[in-house]
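Presented below is the structure to which this report refers.
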Amino acid sequence: MPSLGTITLSLLAVGVAYLPIALLTQHELPTVRSSLSLTALGIFCTALAFLAFFALIGEVGPVRTPPFTYVNPIVAILLGVIVLGESLSVGLLVGFPLVLVGCWLAATGGRLRRRVSVGDGLASG
């Protein structure tokens, strides 16, 4: 099945499932600012992110793509500290390198790649 159609239907189903809960727990009308924020999150952080993710799958393949999603917490931490002025705790400082090591292990299986030089593979004669 095409990935875009599958994701579209999946997100639509989740939205329909959450709608009754949202309506039952809503005590006042959302503000224009919160509605615009939600729209921006839906467009930029969901729709465009999925399109970029599917393009990445097409470029590097489905096996090598998931480690890129593991970098998301690192980006969130950095943006939180830099843009929002959030504090950087000891747990985040310990977790940051663990996520990086996990990304490397997931992508490589823990193996270091040998650099290939121009002369490699040529028989000496």
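Quick notes on this one:
- Largest-first ordering by accessible area, 1.4 Å probe, given options C103, C45: C45, C103
- Checking (1) -0.96, -1.12; (2) -0.72, -0.86; (3) -0.65, -0.81 against log10 I(q)/I(0) by the Debye sum over Cα atoms at q = 0.14, 0.16 Å⁻¹ calculated from these atoms, the matching label is (1).
- Within the accessible area of the chain (1.4 Å probe), percent carbon and sulfur: 72 percent
- Cα gyration tensor, the range 39-90 - rounded (a/c under 1.5), prolate or oblate: oblate
- Each label point was placed 7 Å from the Cα along the Cα-to-Cβ direction; for L23 and Y70 their separation is 4.3 nm.
- Summing Cβ point charges (Lys, Arg +1; Asp, Glu -1) relative to the Cα centre of the chain gives a dipole of roughly 440 debye.
- Qualifying chymotrypsin sites (Phe, Trp or Tyr not before Pro) in the range 1-104, where qualification requires a DSSP coil assignment and no more than 11 other C-beta atoms within 10 Å, are lacking entirely.
- Dipole of the chain [Lys/Arg +1, Asp/Glu -1 at C-beta], most positive-end residue of G91, L4, C103: C103
- Intensity falloff of the range 1-72 expressed as log10 I(q)/I(0), Debye formula with alpha-carbon point scatterers, at q = 0.17, 0.24 Å⁻¹: -0.82, -1.17
- For the chain, the solvent-accessible area of protein heavy atoms averages 84 Å² per residue (probe radius 1.4 Å; ligands and nucleic acids excluded).
- Against the chain, whose longest principal axis comes from its Cα atoms, helix 72-82 is set at around 70 degrees.
- The calculated 222 nm mean residue ellipticity attributable to helices in the chain amounts to -20500 deg cm²/dmol, summing -39500 (n - 2.57) over DSSP H runs of n ≥ 4 and dividing by all residues.
The values are calculated or read from the model by the stated rules, or taken from the named source; none is laboratory data. Quantities reported herein were computed from a predicted structural model and do not represent experimental measurements. Backbone-built Cβ (ideal geometry, glycine too); neighbour counts: all protein chains shown. For the accessible areas, the whole protein counts, side chains as well, though only heavy atoms, and no ligand, DNA or RNA atoms are used. Shrake-Rupley method; radii C 1.70, N 1.55, O 1.52, S 1.80 Å.
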